[in-house]
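**Student:** If you scroll down you'll find the structure; I have some questions about it.
The values are calculated or read from the model by the stated rules, or taken from the named source; none is laboratory data. As the structure is a prediction and not an experimental result, all values here were calculated from the model. Positions of Cβ are generated from backbone atoms using ideal geometry, with glycine treated the same way; all protein chains shown enter the neighbour counts. The protein model used for the area step is the full one, side chains on, heavy atoms only, and it has no ligands, DNA or RNA in it. Shrake-Rupley method; radii C 1.70, N 1.55, O 1.52, S 1.80 Å.
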Amino acid sequence: PGPACYRKGGPVTVTDANLVLGRLLPASFPCIFGPGEDQPLSPEASRKALEAVAMEVNSFLASGPCPASQLSLEEVAMGFVRVANEAMCRPIRALTQARGHDPSAHVLACFGGAGGQHACAIARALGMDTVHIHRHSGLLSALGLALADVVHEAQEPCSLSYTPET
């Protein structure tokens, strides 16, 4: 169903957070949302979904051993964005810093429809000075998915004593 702002009953997502923070402009999107796929993005749905999360977060903060101040809706939305950015930084760190390479010596290439919204913050977190946004960056995720080999991976637990035979 997509994010709450798609008007199809979806959960609150980073897209909703970006919409509430004003990082997405509903007027720039076509009217393809909702059950009839004829409505614009819904900032109201995003706000309502994030308000429910903010109430839950603030309730948790108030009931803790050291009650903290209440977070605003915008602070909760920015929390979504920060968590998403950190989740995108981790694999980059695993491919660079964990292998002894300095990411600051490289250029961050961004892709995906929302890549540009997060690229600068991710580059900053990784110490990079330059971000490259290809003119077709919004299509690169879909293209990569379409060109990728179909692979099935499976895992199963193994409980054996560690011996030369095993």
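**Student:** Test Ser141 against the criterion of being in contact (Cβ under 8 Å) with a residue 24 or more places away in the chain and on the phi < 0 side of the Ramachandran plot, and give yes or no.
**Tutor:** Details: in contact (Cβ under 8 Å) with a residue 24 or more places away in the chain: yes; on the phi < 0 side of the Ramachandran plot: yes.
Spelling it out, Ser141 is indeed in contact (Cβ under 8 Å) with a residue 24 or more places away in the chain and on the phi < 0 side of the Ramachandran plot.
**Student:** Which residue pairs have Cβ atoms closer than 9 Å, lie 6 or more positions apart in sequence or on different chains, and pair a first residue in the range 33-49 that is part of a strand (DSSP E or B) and modelled with pLDDT of 95 or more with a second residue that is among the aromatic types (Phe, Trp, Tyr) and open to solvent by less than 50 Å² (accessible area, probe 1.4 Å)?
**Tutor:** Gln39/Phe33
**Student:** Can you confirm whether the range 115-127 contains a residue that is surrounded by 12 or more Cβ atoms within 10 Å (Cβ to Cβ) and of a type in the set (D, E, K, R)? Steps first, answer last, please.
**Tutor:** Applying the first criterion (surrounded by 12 or more Cβ atoms within 10 Å (Cβ to Cβ)) to the range 115-127 yields 115-127.
Retained after the next criterion (residues that are of a type in the set (D, E, K, R)): 124.
Checked against the condition, which is being surrounded by 12 or more Cβ atoms within 10 Å (Cβ to Cβ) and of a type in the set (D, E, K, R), the range 115-127 yields at least one hit.
**Student:** Determine whether Leu108 is touching a residue at least 24 places away in the same chain (Cβ under 8 Å), aliphatic (A, V, I, L, M) and more than 25 Å from Leu139 (Cβ to Cβ).
**Tutor:** On the way: touching a residue at least 24 places away in the same chain (Cβ under 8 Å): yes; aliphatic (A, V, I, L, M): yes; more than 25 Å from Leu139 (Cβ to Cβ): no.
Against the criterion (touching a residue at least 24 places away in the same chain (Cβ under 8 Å), aliphatic (A, V, I, L, M) and more than 25 Å from Leu139 (Cβ to Cβ)), Leu108 does not qualify.
**Student:** With the condition kept exactly as written, say whether any residue in the range 20-30 is over 14 Å from Cys5 (Cβ atoms), surrounded by fewer than 18 Cβ atoms within 10 Å (Cβ to Cβ) and free of Cβ contacts under 8 Å to residues at least 12 places away in the same chain. First the steps, then the outcome.
**Tutor:** Here is the first cut: in the range 20-30, the residues over 14 Å from Cys5 (Cβ atoms) are none.
No: zero hits.
**Student:** So, one more: Please identify the pairs in which a residue from the range 120-138 that is under 19 Å from Leu95 (Cβ atoms) has its Cβ atom under 8 Å from the Cβ atom of a residue that is open to solvent by less than 80 Å² (accessible area, probe 1.4 Å) and acidic (Asp, Glu), counting only partners at least 6 apart or on another chain.
**Tutor:** Pairs found: Ala125/Glu86.
**Student:** Restricting the range 128-139 to residues that are more than 20 Å from His106 (Cα to Cα) and open to solvent by 50 Å² or more (accessible area, probe 1.4 Å), which is nearest to the chain's Cα centre (by Cα)? Lay out the reasoning, then the answer.
**Tutor:** Start the filter on the range 128-139 by keeping residues that are more than 20 Å from His106 (Cα to Cα), which leaves 136, 138-139.
From what is left, the residues that are open to solvent by 50 Å² or more (accessible area, probe 1.4 Å) are 136, 139.
Numbers: His136: 20, Leu139: 17 Å.
If we take residues in the range 128-139 being more than 20 Å from His106 (Cα to Cα) and open to solvent by 50 Å² or more (accessible area, probe 1.4 Å), then Leu139 is nearest to the chain's Cα centre (by Cα).
**Student:** Taking the stated definitions as given, is Ala52 in a helix (DSSP H, G or I), surrounded by 10 or more Cβ atoms within 10 Å (Cβ to Cβ), within 18 Å of the chain's Cα centre (by Cα) and not charged (D, E, K, R)?
**Tutor:** Numbers: in a helix (DSSP H, G or I): yes; surrounded by 10 or more Cβ atoms within 10 Å (Cβ to Cβ): yes; within 18 Å of the chain's Cα centre (by Cα): no; not charged (D, E, K, R): yes.
So Ala52 does not fit the description; no.
**Student:** Could you count how many residues in the range 111-133 are part of a loop (DSSP other than H, G, I, E, B) and at pLDDT 90 or above? Let's see the steps before the verdict.
**Tutor:** We begin by selecting, within the range 111-133, every residue part of a loop (DSSP other than H, G, I, E, B); these are 111-114, 127-130.
Checking which are at pLDDT 90 or above leaves us with 127-130.
The total comes to 4.
**Student:** Within the range 69-90, track down each residue that is surrounded by 11 or more Cβ atoms within 10 Å (Cβ to Cβ) and either outside any helix (DSSP H, G or I) or among the acidic types (Asp, Glu) (or both).
**Tutor:** Listed by number, the residues that qualify are Gln70, Leu71, Ser72, Glu74, Glu75, Glu86.
**Student:** Right, next: Anything in the range 6-49 that is within 15 Å of the chain's Cα centre (by Cα) and either farther than 17 Å from Gly113 by Cβ or not small (Gly, Ala, Ser) (or both)? List them, or say none.
**Tutor:** Residues satisfying the conditions are Pro11, Val12, Thr13, Val14, Thr15, Asp16, Asn18, Leu19, Val20, Leu21, Arg23, Leu24.
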